[in-house]
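Inspection log for the structure reproduced underneath, given as C-alpha cells.
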Amino acid sequence: MSLRVLVIPEDFTKDGGALKLIVQAAIAEAGRPSANVQICQSPRFGGLDECLKVERIANEVIQRYRGMVDVFVQVVDRDGVTGRQAALMRIEASLEPALHGAAFISVMAWEEVETWILAGFDDLPTAWGTVRTEPHVKERFYLPYARKRDVAMAVAEGRRLLAPEAVRHWSRMEQRCKEDLGALVQRLRQTL
C-alpha cells in the first residue's frame, strides 16, 4: 500500500501546489518514492494563527482524516520569529494522543516557503546567503524573480509554475536549506 500523506499548509491557495511537489520530493529522498501526497483543503486555515491552533488541527484535521492518512506534515513559515520551532514541537507533542498510529511532522520553512522554491534556481540576481537570511523572502526576492520569469501574474503568483522546475534540482534545494528541508527529510526517514 502506498504511503498516504496529508500536507497542512498555512494557506493552500498560495502554497498548496508547490508544497505538494516539495513534500513529494522530500519523501522520495527519504526512501518512499511512491507516496500519495495530498494538500489539506478542508478546513481552510487561511493563515498562520489558525494553522497553529492545536484544537483545530486535532478536531478538524486529524479526527476528520483518521484512518485515511499515515503521515500529517504541517508546513508553516518562520517569518523571522525566533522560538517558532519550539512552538511547533509543542504542537506535535500535544497532538500525539489524537494520532492513533499516524505520524505528525511539523516543519518550518526558513523564512518562507518561497525560499524553498528559490533554492532550486541558480540564476538568482542575489547571492544565496542574502536570500537565505532575509525574513521577507517573498516580497524582496521571490516576487521580483517571478516577475523576471514572467509568471507572477499566474495562479499562486507563479509558485505552481516555478516549483516543478525547482524540484528538478532537489539536491541543490536540500543543500541550500539543510536546516529545514534537510531536517524534513531526516524526520521522514525516522518516521517512515
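The values are calculated or read from the model by the stated rules, or taken from the named source; none is laboratory data. Note that the structure is a prediction, hence the values are computed from the model and not measured. Cβ placement follows ideal geometry from the backbone for every residue including glycine, while neighbour counts extend to all protein chains displayed. To get the accessible areas, we keep the full protein, side chains included, count just its heavy atoms, and leave off ligands, DNA and RNA. Shrake-Rupley method; radii C 1.70, N 1.55, O 1.52, S 1.80 Å.
Before moving on, here are some points about what is shown:
- Residues whose placed amide H lies under 5 Å from that of Val75, excluding near-sequence neighbours: Ile8, Glu10, Val107
- Å² per residue, accessible surface of the chain at 1.4 Å: 46
- Ligands, DNA and RNA left out, the 1.4 Å accessible surface of the stretch 58-192 is 51% carbon and sulfur atoms.
- Amide H partners (placed H, <5 Å) of Ala103, local residues excluded: Val71, Phe72
- Taking other residues whose beta carbon is less than 11 angstrom from the beta carbon of Leu99, and scoring Lys, Arg as +1 and Asp, Glu as -1, yields -2.
- Simple point charges give the picture: +1 on the Cβ of Lys and Arg, -1 on the Cβ of Asp and Glu, and for the chain a dipole about the Cα centre of about 380 debye.
- In whole percents, the pair-distance distribution calculated for the stretch 83-156 from its alpha-carbon pairs, binned every 5 Å from zero, is 3, 14, 21, 16, 12, 10, 11, 9, 4, 1.
- Applied to the stretch 131-145, the Karplus parametrisation 6.51 cos²θ - 1.76 cosθ + 1.60 on θ = phi - 60° returns per-residue 3J(HN,Hα) values of 4, 5, 9, 7, x, 10, 4, 4, 6, 7, 10, 5, 4, x, 5 Hz, with x for Gly and Pro.
- Ranked order, His169, His136 - accessible area, probe 1.4 Å, largest first: His136, His169
- Over the stretch 30-105, the alpha carbon radius of gyration divided by the compact-protein estimate 2.2 N^0.38 Å works out to 1.12.
- Along each principal axis, Cα extent of the chain, largest first, Å: 47, 33, 28
- 3J(HN,Hα) from dihedral phi, the stretch 179-192, Karplus parametrisation 6.51/-1.76/1.60, rounded to Hz, x for glycine, proline: 5, 10, 5, x, 5, 4, 4, 4, 5, 5, 4, 5, 7, 7
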